[in-house]
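A.B. asks: This is the structure I have questions about; it appears just below.
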């Protein structure tokens, strides 16, 4: 047999037995998973010691099986030879995240219990931005008449909004529609009785004291629908971080209370999931231009409730 053929055979074989196997020795190995120079090979690295996992494919579909994961495995060292001989050959009987054995759950281990707790937090913050949706709605028998009247009023409304909102505000079109108005009678096809044109703009302003005057100016200029007002916080990261931290601490405290009630302690946190929402105040205003009053429209801004919820799974060691 040629030397070239021998090299090809050696490269295809990852592990092969050597004559005169010695007795296997069962050990427990704790360390981090690490890929080897061999294709598809994995090691458990424990300090300066390396153990080559001969049957890594058995565990590779597990979620926790990934590089740098801390694992604990029980198995036997083998007197075999590998292509590169990186680490002590090791055949795992059981393997799992550090603190578990094989496919056993933490709840199955003696004295260990998993608890699921939830922490909630609400942080109030003062909004710094107002967003208004203002529309001009016109109706006429003919489409061109509805469109022309709407164009004239919308132009006046936009100019009034820019003047009332100030230089730092943003006014932009959010939607436009021209639709027929139909009359429906029983057992008859619908008939078109007229047309409705709608032009909507979104106003974003930082000076919250101007919200009422902006609504008044829009109504006086011809706007007849203010469909929504919302208040937001542009830089909300500090408030969100505060809410998240408080929710996490509450969840941890609950886990510790449960552990103390069981006469034990929290061994470790296994999993944490975070969910955050913001509930801004949503004042609404709607008026017809023909009913617009000279009195200023009062708008109460209120505060934002920035909420955070943390769900936490802890491993608790119960007392004996």
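The values are calculated or read from the model by the stated rules, or taken from the named source; none is laboratory data. For clarity, every value in this text was computed on a predicted model and none was experimentally measured. Glycine also receives a Cβ, built like all others from the backbone with ideal geometry; neighbour counts cover every protein chain displayed.
A.B. asks: What about residue 162, is it without any contact (Cβ under 8 Å) to a residue 40 or more places away in the chain, farther than 30 Å from residue 243 by Cα, surrounded by 13 or more Cβ atoms within 10 Å (Cβ to Cβ) and not assigned by TED's automatic domain parsing to the domain that holds residue 241?
C.D. replies: In short, yes.
A.B. asks: Separate question: Would you mind telling me which numbered condition in (1) assigned to a helix (DSSP H, G or I); (2) in contact (Cβ under 8 Å) with a residue 60 or more places away in the chain; (3) surrounded by fewer than 18 Cβ atoms within 10 Å (Cβ to Cβ); (4) touching a strand residue (DSSP E or B) at 6+ places or on another chain (Cβ under 9 Å) residue 213 fails?
C.D. replies: (4)
A.B. asks: Evaluate segment 125-147: report whether one residue or more is in a loop (DSSP other than H, G, I, E, B), modelled with pLDDT of 90 or more and either at positive phi or exposed (fewer than 14 other Cβ atoms within 10 Å of the Cβ) (or both).
C.D. replies: Looking for residues that are in a loop (DSSP other than H, G, I, E, B), modelled with pLDDT of 90 or more and either at positive phi or exposed (fewer than 14 other Cβ atoms within 10 Å of the Cβ) (or both), one finds at least one in segment 125-147, hence yes.
A.B. asks: I've got another one for you. Taking residue 320 as the residue in question, decide whether it is assigned to a strand (DSSP E or B) and either surrounded by fewer than 17 Cβ atoms within 10 Å (Cβ to Cβ) or at pLDDT 85 or above (or both).
C.D. replies: In short, no.
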